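Written out below as structure tokens is the structure these notes cover.
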């Protein structure tokens, strides 16, 4: 049975989930985090806090940014985290966080911006919340209805999906 009042700390880093389309520029840019809106619209009924750590496309996330995220979690006292992250380098960030023991950390994002009518963002955040509540301590990626362990997943850019790494 799950605890009635489980706390999850959300850390936002940017990525497609938070992108805004600027007509005059004909490009996407990372805007404010959409997690708070997704949780409110989903009538989320659990204790949580949202921390905006950065607002970057994942292709712009550096090793220094990953270390900053690692240090933030290492010094923090929460036990369960959902991290919104761009999909292109999500697997690399998950891999770097694997040594943070005793915590359940779930990275998620979106293949289309949360502001779009048709988006996977809401579903993916919901999956990440569920995984953060029931998965044992470790680092995971929740995307497209699947939960992968860090180090065993990659983004297949040609297929625009996440898949297990074939270790054979």
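The values are calculated or read from the model by the stated rules, or taken from the named source; none is laboratory data. Given the structure is predicted, the values throughout are model-derived calculations rather than measurements. As a convention, Cβ positions derive from the backbone with ideal geometry for all residues, glycine included, and neighbour counts pool all protein chains shown.
Restricting to segment 102-119, name every residue that is surrounded by fewer than 21 Cβ atoms within 10 Å (Cβ to Cβ) and at pLDDT below 95.
Listed by number, the residues that qualify are 111, 112, 113, 115, 116, 117, 118, 119.
Output the residues belonging to segment 142-156 that are under 15 Å from residue 82 (Cα atoms) and in contact (Cβ under 8 Å) with a residue 24 or more places away in the chain.
Of everything in segment 142-156, those that are under 15 Å from residue 82 (Cα atoms) and in contact (Cβ under 8 Å) with a residue 24 or more places away in the chain turn out to be 142, 143, 147, 150.
Taking segment 59-84 as the region of interest, how many residues are more than 19 Å from residue 137 (Cβ to Cβ) and touching a helix residue (DSSP H, G or I) at 6+ places or on another chain (Cβ under 6 Å)?
The total comes to 2.
Please go through segment 117-137 and pick out each residue that is over 14 Å from the mean Cα position of the chain (by Cα) and within 18 Å of residue 88 (Cβ to Cβ). Can you show your working first?
At the first step, the residues of segment 117-137 found to be over 14 Å from the mean Cα position of the chain (by Cα) are 117-119, 133-137.
Within segment 117-137, just 119 meets the criteria.
Kindly provide the set of residues from segment 40-60 that are touching a strand residue (DSSP E or B) at 6+ places or on another chain (Cβ under 7 Å), closer than 15 Å to residue 84 by Cβ and surrounded by 14 or more Cβ atoms within 10 Å (Cβ to Cβ), ordered by number.
Scanning segment 40-60 gives 48, 50, 51, 52, 53, 54, 55, 56, 57.
Can you name the strands (runs of 3 or more DSSP E) wholly within segment 1-58 that have at least 1 residues being within 21 Å of residue 126 (Cα to Cα) and either at pLDDT 85 or above or out of contact with any helix residue (DSSP H, G or I) (no Cβ under 6 Å at 6 or more places or on another chain) (or both)?
Per the criteria, 7-14, 19-22, 47-56.
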